[in-house]
Amino acid sequence: MNIFAGAKYPMGVCYGMQGNNLPAPVDVINLFRQYGIERIRIYDPNTDVLQALKGSKLLVSLGVRNEDIPNLSRSQEAANSWVSTFVSAYTPDVEFKYISVGNEVIPGENAQYVAQAIQNVHNALAAAGIRTIKVSTVVAGVALATSSPPSQGAFTSEAMIKVAKRLRQVFKLIIMAC
């Protein structure tokens, strides 16, 4: 039963794994498919979930764990290994759409590593011949001065300075890579 049939926009869910007595990943993925959910975000590269996603045709946003960001930033080899282990090993059976480097690390102590980690993951994907996955990050809600209505959304002054600085770094790295 697809309760979202005819919906104007595809439905997606965030699949969190924090809790007790959670159903098996294969059961969760089957439930999502049964109800017509087309997109899924997983916060970290849980291999049981990635295995369950094989052949599901769900579009996947895969998260990099916050604690992995500094290492991925410092080492292209670490990024290559991460992509090989969690992306290439499951492609094309899992339809990755995005990789999110961290979850709400800007602003925060790992914010300084995000731009280079994004670049290294992007480079690793390119080296693996994968050019269809976009790499980004998720900015914390506390960085927003205004969030409603969305058309009026704005960063706090402090966050804007930090975000702009990070975005400038990312764009410089991407331009240099082109």
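The values are calculated or read from the model by the stated rules, or taken from the named source; none is laboratory data. Just so it is clear, the model here is predicted, and its values are computed rather than measured. Here the Cβ positions follow ideal geometry from the backbone for every residue, glycine too, while neighbour counts run over all protein chains shown. Each accessible area value is taken on the protein alone, full model and side chains, heavy atoms only, with ligands, DNA and RNA left out. Shrake-Rupley method; radii C 1.70, N 1.55, O 1.52, S 1.80 Å.
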Original post:
Got a sec? Which of 68, 44 is touching a Gly at 6+ places or on another chain (Cβ under 9 Å), surrounded by 15 or more Cβ atoms within 10 Å (Cβ to Cβ), modelled with pLDDT under 95 and of a type in the set (Asp, Glu)?
Top reply: 44
Original post:
Of the residues in segment 47-70, how many are within 17 Å of the chain's Cα centre (by Cα) and either of a type in the set (Ser, Thr, Tyr) or closer than 19 Å to residue 137 by Cβ (or both)?
Top reply: 13
**OP:** Give 22, 62, 50 a once-over and let me know the one that is of a type outside the set (Asp, Glu), loosely packed, with under 15 Cβ neighbours inside 10 Å and either in contact with a helix residue (DSSP H, G or I) (Cβ under 9 Å, 6 or more places away or on another chain) or without any contact (Cβ under 8 Å) to a residue 60 or more places away in the chain (or both).
**Re:** 22
Original post:
Which of the residues spanning segment 137-166 are hydrophobic (A, V, I, L, M, F, W, C) and out of contact with any helix residue (DSSP H, G or I) (no Cβ under 9 Å at 6 or more places or on another chain)?
Top reply: 138, 161, 164
Original post:
Can we say residue 75 is open to solvent by less than 60 Å² (accessible area, probe 1.4 Å), of a type in the set (S, T, N, Q) and touching a strand residue (DSSP E or B) at 6+ places or on another chain (Cβ under 8 Å)?
Top reply: no
Original post:
What pairs come up if the first residue lies in segment 80-96 and is farther than 14 Å from residue 61 by Cα, the second is open to solvent by 60 Å² or more (accessible area, probe 1.4 Å), and their beta carbons are under 7 Å apart, counting only those six or more places apart or on different chains?
Top reply: 80/127; 93/54
**OP:** Please work out which one of (1) at pLDDT 95 or above; (2) under 22 Å from residue 39 (Cα atoms); (3) in contact with a Ser or Thr (Cβ under 7 Å, 6 or more places away or on another chain) is the condition residue 133 fails and give its number.
**Re:** (3)
Subject >> Qualifying residues in segment 79-137 (those that are assigned to a strand (DSSP E or B) and open to solvent by less than 40 Å² (accessible area, probe 1.4 Å)) - the one farthest from residue 48 (Cα to Cα) >> reply: 106
**OP:** Sort out which residues of segment 139-165 are under 21 Å from residue 66 (Cα atoms), touching a residue at least 40 places away in the same chain (Cβ under 8 Å) and open to solvent by 50 Å² or more (accessible area, probe 1.4 Å), and write them in order of number.
**Re:** 162
Original post:
Can we say residue 62 is of a type outside the set (Gly, Ala, Ser) and modelled with pLDDT of 95 or more?
Top reply: yes
